[in-house]
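Visitor: Sharing a structure with you now.
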Amino acid sequence: MLVDTFNRPVKDLRISVTDRCNFRCTYCMPFDEYTWINKKEILSFEEIARLAKFFVQLGVDKIRLTGGEPLVRQDLDKLIDKLSSLSGLNDLSLTTNGSLLADKAPALKAAGLKRINVSIDTLNPEKFKRMTKRGDLSKVLDGIFAAKSNGLHPIKINAVIERDVNDDDIIELVEFSRENGFAIRFIEYMDVGNSNSWTSQKMVSKKEILETINGRFPLTEVGRNGGTAPSVDYQFTDGRGDIGVIASVTEPFCSSCTRARLTADGRLVTCLFSQTGHDLKSLLRDGSTDEDILEVIASAWRKRRDRYSDERLEALLSSNGYDPRQHGKIEMITLGG
Ligand code: SAM
Ligand code: SF4
Ligand code: SF4
């Protein structure tokens, strides 16, 4: 089995299909303009599917499509069609802001997508507009209900919680999820990329999120799915659904991180906080054989030593503290959140 220097196998692949997005969430990509990947550098669906096959051969059994906003990429259902037939792949999912989902849900489902995550941080339309800068909550809600009526299941909501911004929306989000049969995953605000002005004060911890929910809807801990998933899951004691919390800052899970990322321009990135990636696109385009490319991927994984969130927590707890500006990173929109 292929493992890295900390004995972690490669099990999950996040594929960023585009670095573009029609939103500008303040915690993710607050600026209007970035240095966008040139169109001819973006991998074609055939190139993505060829690489995906290699990752599956090396042990990956879960793939998530993400971005940027994956649904701004034309004809994404055609990629889903190619990936859903990969033998050895047990799970294919998509994370989206939901704004284009109402129209696209039927084609995504028909192409073989089973489940979906939709990011919704507040149910207040004005606040939603402020947080996403360009988003229209009603379109996102149309999208999530279209996903439901087209049979995508489970549908999970991702909500990033930022102090004094949407920490007062937690209960309403929980109620909405319970009423509509959605699962919800709260995410601690992270210092992804280089432009979101993250501070530890803005982050609402897992402990605080759970205290807020438990006060109203008592919870029982279920644990991490498979023992290694990023989310720690909880069931409502009344049996009406579940929630999860992804506590990358306060309870990092690097020791069980089995996630590789593929950027839209074909770089293999081994950590969400990486500064660089391994260029696979050149190999795809210079006639390299399957064996050559497989070996480059395997060799990069064998050398992997990433444990950024563990190191951040060590720094946060130390007398020197932690300054995110000292660590240049690839933007999250590029490497796939
Ligand atoms: N555009 C899609 C979306 O928003 O769902 C997919 C890409 S987005 C980068 C993937 C996930 O990362 C979203 O759920 C988003 O909320 C989350 N995310 C973005 N910036 C984050 C941050 N600073 N901290 C924690 N999660 C973040
Ligand atoms: Fe776009 Fe998703 Fe980032 Fe928001 S979180 S700016 S929707 S990529
Ligand atoms: Fe994995 Fe890097 Fe996140 Fe740690 S910081 S869990 S190694 S992606």
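Visitor: Summing -39500 (n - 2.57) over the DSSP H runs of n ≥ 4 in the chain and dividing by its residue number, what mean residue ellipticity at 222 nm do you reach, to the nearest 500 deg cm²/dmol?
Guide: -9500 deg cm²/dmol
Visitor: For Ala110 paired with Lys139, estimate the spin-label separation in nm (one decimal), with each label point 7 Å from Cα along the Cα-to-Cβ line.
Guide: With each label point 7 Å from Cα toward Cβ, the separation is 2.3 nm.
Visitor: Of Gln201, Phe55, Thr212, whose Cα points farthest to the positive end of the dipole of the chain (charges on the beta-carbon: +1 Lys, Arg; -1 Asp, Glu; origin at the Cα centre)?
Guide: Phe55
Visitor: Quick test of your reading: applying the under-4.7 Å Cβ rule, which cysteines of the chain are isolated?
Guide: Among the cysteines of the chain, those whose Cβ sits 4.7 Å or more from every other are Cys21, Cys254, Cys257, Cys271.
Visitor: I've got another one for you. On the principal axes of its Cα set, how long, how wide and how thick is the chain? Give whole Å, largest value first.
Guide: Cα extents, longest axis first: 58, 52, 39 Å.
Visitor: Take the alpha carbon atoms of segment 244-267, find their center, do the same for segment 125-174, and report the distance between the two centers in whole angstrom.
Guide: 22 Å
Visitor: Counting other Cβ atoms within 10 Å, keep those with at most 13, restrict to DSSP loop, and tell me which GluC sites (Glu not before Pro) in segment 1-101 are left.
Guide: Filter output for segment 1-101: Glu33.
Visitor: Order Arg267, Arg305, Arg134, Arg64 by their accessible area, 1.4 angstrom probe, all chains in place, largest first.
Guide: These residues rank, largest area first, as Arg305, Arg134, Arg267, Arg64.
Visitor: Counting only protein heavy atoms and using a 1.4 Å probe, what share of the accessible area of the chain belongs to carbon plus sulfur, as a whole percent?
Guide: The computed percentage sits at 49.
Visitor: State which entries of Lys62/Lys104; Lys82/Lys114; Lys148/Lys206 exceed 19 angstrom in Cα-Cα distance in the structure shown.
Guide: Lys62/Lys104; Lys148/Lys206
Visitor: Sum up the charges of everything whose Cβ sits under 15 Å from the Cβ of Asp290, counting Lys and Arg as +1 and Asp and Glu as -1, but leave Asp290 out.
Guide: -3
Visitor: Counting only heavy atoms of protein chains, what accessible area per residue, in Å², does the chain have with a probe of 1.4 Å?
Guide: Accessible surface, normalised per residue, equals 43 Å².
Visitor: For segment 226-337, restrict the atom set to alpha-carbon positions and state the Rg and Dmax in Å.
Guide: 17.6, 58
Visitor: Roughly speaking, what is the stretch gain from Ile171 to Gln74, that is 0.36 nm per residue apart minus the C-alpha to C-alpha distance, in nm to one decimal?
Guide: Answer, rounded to one decimal: 31.3 nm.
Visitor: Still on this structure, I have one more. Test of understanding: what is the full-extension gain from Glu47 to Ser87, defined as 0.36 nm times their sequence separation minus their Cα-Cα distance?
Guide: 12.7 nm
The values are calculated or read from the model by the stated rules, or taken from the named source; none is laboratory data. Everything numeric here is computed off the predicted structure, so don't read it as measured data. Note that we place each Cβ from the backbone using ideal geometry, even for glycine, and neighbour counts take in every protein chain shown. Note: areas computed on protein heavy atoms with side chains; ligands, DNA, RNA excluded. Shrake-Rupley method; radii C 1.70, N 1.55, O 1.52, S 1.80 Å.
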